[in-house]
Amino acid sequence: MAERELSKSPGITLSPNGMRSDALLQVQDLRMHFPIRKGFLRRVVNHVKAVDGVNLFIRPGETLGLVGESGCGKTTTGRCIIRAYEPTSGNILYRRNDEQIVDLAPMGKQDLKYYHREIRMIFQDPYSSLNPRMPVIDLVGEPMKVNKLARGQELEDRVAFLLRRVGMRPEYMRRYPHAFSGGERQRLGIARSLALDPRLVICDEAVSALDVSVRAQILNLLEDLQQEFHLTYLFIAHDLSVVEYICDRVAVMYVGKLVELTTTDELFAQPQHPYTEALLSAVPQPDPRFRARKQRIVLEGDVPDPANPPSGCYFHPRCRYSDGSLCANEEPALRETIPGHFVACHHAEKLSLRGVAVRDIAV
Ligand code: SF4
């Protein structure tokens, strides 16, 4: 997303390092290329371009969805933001409480410690993300202990407070994870992520492993906590109906690149990228009246190998609107076609794509 494109939105100014005045976090041209090594000497013969030039921003207090098929790079993007990975290149600009802007991308471990308190992660699998040998008080209280923020009775009171906030009884704090259901374990994971009063929480497929009946409860809980603790969420998911339920805006990824970014309502009603149109056509329709008139777009071919992506637009071999020349040879830039709607497609303005009415779908 070039600076001139970012500055199109009315009322938005850019800092000297290109950060939007309305952003809490802004990712600029983020790349995460994993080397492929071969032979006795383990020489690098190629790279898997898991994240390949991603640009996005998150406003304070909003929920930004990051969606795409499995392996598209959305989780890797989240892990780069929290700096579990050291990005190959790019910037991760973060606005501190005192309005100072820092770049997390090149930061060393020592400096990152402070930001790891403000940016936390909730993981997909509530079974493996909690240590089975630790009682709840240690699981939820550990981040506070490690950061020397509370101990003894103060720690216990804080854990009790967090358990109540996530809908669990403080009396459970001496129990171990195996005593809880999947939904309850995810509540514990959420309580743990809130222990350090974060500002930004990255929810990585946070409800994907849960039963449908529990999913809506956890989504509602996340929404309530967002209000209460003034949280900002990056919500990574492959399920568009979940994203529709909780996100204010949505970013769509395909083979390591962002192809569309706009408000949830607009993405569902008026997608501008052919890949988004195909994803939306696969969203289940609970109402048979809408189901009957909905046509699923079946994409031909496989998702390209991120180690050997196609030339031009990465989506061109599967795109039914490809012109075969420009699309095959020139990579489309992510650009703002109308205020707040960013698309990486040469022909976005000419295409008339089919969306889905938001009321048609359900979690
Ligand atoms: Fe399809 Fe061409 Fe747009 Fe790529 S640039 S999505 S191939 S129309």
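Can you give me the ranges of the strands (runs of 3 or more DSSP E) entirely in segment 1-111 with at least 3 residues that are in contact with a Lys or Arg (Cβ under 9 Å, 6 or more places away or on another chain)? Please lay out each step first, then the result.
Details: elements: 25-38, 43-58, 63-67, 89-95, 101-103.
Answer list for segment 1-111: 25-38, 43-58, 63-67, 89-95.
Among what's in segment 46-75 and is out of contact with any Pro (no Cβ under 8 Å at 6 or more places or on another chain) and acidic (Asp, Glu), pick the residue that is most open to solvent (accessible area, probe 1.4 Å).
Step by step, filter segment 46-75, then rank; the result is GLU69.
So is ALA84 under 18 Å from the mean Cα position of the chain (by Cα), aliphatic (A, V, I, L, M) and open to solvent by 30 Å² or more (accessible area, probe 1.4 Å) or not? Walk me through it before giving the result.
Details: under 18 Å from the mean Cα position of the chain (by Cα): yes; aliphatic (A, V, I, L, M): yes; open to solvent by 30 Å² or more (accessible area, probe 1.4 Å): yes.
Yes.
So if I check each of ALA333, ALA328, ALA278, ALA348, which one is in contact with a Leu (Cβ under 6 Å, 6 or more places away or on another chain), modelled with pLDDT of 90 or more and within 16 Å of the ligand (Cβ to nearest atom)?
Of the residues listed, the single one that is in contact with a Leu (Cβ under 6 Å, 6 or more places away or on another chain), modelled with pLDDT of 90 or more and within 16 Å of the ligand (Cβ to nearest atom) is ALA278.
Please give the helices (runs of 4 or more DSSP H) falling wholly within segment 130-206 in which 2 or more residues are open to solvent by 60 Å² or more (accessible area, probe 1.4 Å) and among the basic types (Lys, Arg). Let's see the steps before the verdict.
Working: elements: 136-146, 152-165, 182-194.
It comes to 152-165.
Residues of segment 311-325 being part of a loop (DSSP other than H, G, I, E, B) and over 25 Å from the mean Cα position of the chain (by Cα), which ones? I'd like the intermediate steps shown before the answer.
So the first thing to find is which residues in segment 311-325 are part of a loop (DSSP other than H, G, I, E, B), and the list is 311-315, 319-325.
The answer is SER311, GLY312, ARG320, TYR321, SER322, ASP323, GLY324, SER325.
The values are calculated or read from the model by the stated rules, or taken from the named source; none is laboratory data. Since the model is a prediction, treat every value here as computed from it, not as a measurement. Here Cβ is always computed from backbone atoms with ideal geometry, including for glycine, and neighbour counts include all displayed protein chains. Only protein heavy atoms, including side chains, enter the accessible area calculation; ligands, DNA and RNA are left aside. Shrake-Rupley method; radii C 1.70, N 1.55, O 1.52, S 1.80 Å.
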